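As structure tokens, the structure follows; a few thoughts come after it.
Each reported figure results from applying straightforward, stated rules to the coordinates on display, with no laboratory input. Quantities reported herein were computed from a predicted structural model and do not represent experimental measurements. Reconstructed Cβ throughout: ideal geometry from the backbone, glycine too, with neighbour counts over all protein chains shown.
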Amino acid sequence: MYRQVETTKEIILHNGTKSYPIATLRSDAGGMCQICIDDGCYILRLDREHGYIDTTHIFAEAFEVLKTLPPLNIQ
């Protein structure tokens, strides 16, 4: 199970670029999930051996955190 924890200030993606999370979740097993904004969209990034990767899966705990975030500006 993932739980929201203090937000990580900066992460490194698998391609070496930096990203700046707006929310962080940690699993009971130590896994990390970061919620970031990319191209005007919320995106979930999971920690892997060689950096964070984007995920296509929105698990229940992440969905609950997403519901607490402000709406993104749609223009």
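A dipole drawn for segment 2-66 from +1 and -1 charges on Cβ atoms has a positive end, and of GLY31, ILE11, PHE59 the residue lying farthest that way is ILE11. A full extension of the chain between THR55 and ASN15 corresponds to an added length of 12.9 nm, given 0.36 nm per residue minus the alpha carbon distance.
Per residue, the average separation of C-alpha pairs within less than 8 Å and at least 6 apart gives segment 1-67 a relative contact order of 28 percent. For the pair ILE22 and GLU64, label points projected 7 Å from Cα toward Cβ lie 2.0 nm apart. Counting only DSSP beta bridges whose two residues both lie in the chain, roughly 95 percent are antiparallel.
Which of these values of P(r) over Cα pairs in 10 Å bins from 0, in percent was calculated from the structure shown: (i) 19, 57, 22, 2; (ii) 19, 40, 28, 11, 2; (iii) 16, 41, 30, 11, 2? Correct label is (i).
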